[in-house]
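Peer 1: Right, I'll just put the structure down here and ask away after.
Each value in this text was obtained by applying a stated rule to the coordinates, not by laboratory testing. On a predicted model such as this, the values are computed, not experimentally measured, just so you know. We place every Cβ from the backbone using ideal geometry, glycine too, and count neighbours over all the protein chains shown.
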Ligand SMILES: Cc1cc2nc3c(=O)[nH]c(=O)nc-3n(C[C@H](O)[C@H](O)[C@H](O)COP(=O)(O)OP(=O)(O)OC[C@H]3O[C@@H](n4cnc5c(N)ncnc54)[C@H](O)[C@@H]3O)c2cc1C
């Protein structure tokens, strides 16, 4: 939603805590910049995934804008977003904008405009505000990666935290393939094969790998 030039920090002075960053910059960022940004749409790549009991994603800008219309106006789900966003099953507990955002078929500025229109024409509440809050998280991770670069991917992270990680290939594979004996982990890993996983699902499987299994090194080896 924002460009680095729009915010009151540069890449080296970026705050390390999202809540501080959000408090310090939200008002100035919104009033100064968002409406003047222009974005070129690149040709989106087409994907079309049918998920049983889940979301049917169609590629392209028309489908993306259609989903925004459906979520905000037709089904009027945005007014309860904050209460439902931690769900895991079905198309409507969250907005499902991420595949279109990442393929640049959907501009976060367009979502911002729809949020403001919804506030004018229907209502403003914490859920509607929550939409912008999450989109700013997305920007924040980009800004933080400008600040720390590859250190984000180092084993100890930018703070160089020391930890004794477990080196167990079989344990790692049980997580990767979804056979940990925890149905919740299995279900989320299975969902990932569709190309999408809920925000809560991502948090659960990642904390399980890192905090419960104590494995990080093997994941890094396999990724890089
Ligand atoms: C461990 C972990 C790994 C993740 N990896 C990815 C990834 O590889 N690619 C990816 O696109 N998203 C990732 N996310 C963010 C988020 O989980 C997905 O974008 C989310 O599942 C999108 O579903 P949605 O569009 O219905 O979200 P909604 O709840 O409807 O949120 C709307 C938009 O806000 C942004 N957003 C929401 N939650 C987050 C978040 N935690 N961090 C940053 N932005 C957010 C996304 O752009 C999202 O589309 C990750 C989150 C976690 C916790």
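Peer 1: Helix-only mean residue ellipticity at 222 nm, the chain, DSSP H runs n ≥ 4 weighted -39,500 (n - 2.57), per residue, nearest 500. What is it?
Peer 2: Helix-only estimate at 222 nm: -14000 deg cm²/dmol.
Peer 1: How high is the relative contact order of the chain, in percent, counting Cα pairs under 8 Å that sit 6 or more residues apart?
Peer 2: Contact order relative to length: 20 percent.
Peer 1: Cα convex hull of the chain: mean projected area in nm², to one decimal?
Peer 2: Mean shadow area of the hull around the Cα atoms is 13.6 nm².
Peer 1: Further, regarding this structure: Let me know the volume per residue of the alpha-carbon convex hull for segment 147-221, in Å³.
Peer 2: 108 Å³
Peer 1: Hey, another quick one. Can you tell me the relative contact order of segment 161-224? Whole percent, Cα pairs under 8 Å, sequence separation 6 or more.
Peer 2: Result for segment 161-224 is 43 percent.
Peer 1: Then there is this: Let's test the formula: R0 of 41 Å, r as the Cβ-Cβ distance of residue 152 and residue 121. What FRET efficiency results, to the nearest 0.05?
Peer 2: For residue 152 and residue 121, the calculated efficiency is 0.55.
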